[in-house]
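Any read-out appearing in this document is the output of simple, stated calculations on the displayed coordinates, not a laboratory observation. Computed from a predicted model, the values in this text were never measured in an experiment. For neighbour counting, all protein chains shown are included, and Cβ atoms are generated from backbone atoms with ideal geometry for every residue, glycine included.
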Amino acid sequence: MATGPGTGHQDPSPQVLTEAAAAFGLLASPARLHLVWALAQGESDVTGLAERVGGALPAVSQHLTKLKLAGLVRSRREGRRQVYFVDADEQAALVDVVRLLVGRLTEQTTPTVPVRRLRGL
């Protein structure tokens, strides 16, 4: 692994970068980003999340499964319900990035980058 000039930090392996890109790719979906945002505010079951984000129950469930497989959200069983949450210890940095970016964009009255340009990236 290479070391960044003057930083003393090793560059991540190609495998780590690939896994990180896949996780960020999952967050590129507005629906999944909304789910992570909602779960950063507090845990919920799939029914509550579907109501909150305005999605169909099966679609929200599929999004949650993908986020869970990527390790971005976790779940636990409470009786017959599956409760989803963002692990504050393991995902604190991710939650901070989501809150910072979404919060900053929410405060702007007009986006600085047109949506058309973002789609072309």
Karplus-derived 3J(HN,Hα), 6.51/-1.76/1.60, for each residue of segment 78-90, Hz, glycine and proline x: 10, x, 8, 8, 9, 9, 9, 7, 9, 5, 4, 6, 7
Positive minus negative residues near A93 (Lys, Arg vs Asp, Glu; Cβ under 12 Å): -3
Sum of side-chain charges, Q41 neighbourhood, beta-carbon under 11 Å (Lys, Arg +1; Asp, Glu -1): +1
Charge tally in the Cβ shell below 14 Å around R74, where Lys, Arg are +1 and Asp, Glu are -1, R74 excluded: -2
D45 long-range amide H proximity, modeled H, under 5 Å: Y84
Rounded to whole Hz, the Karplus (6.51, -1.76, 1.60) HN-Hα couplings of segment 61-70, x for glycine and proline: 4, 5, 4, 5, 4, 5, 5, 5, 4, 7
Relative packing of peptides 20-31, 61-72 - highest average C-beta neighbours within 10 Å first: 61-72, 20-31
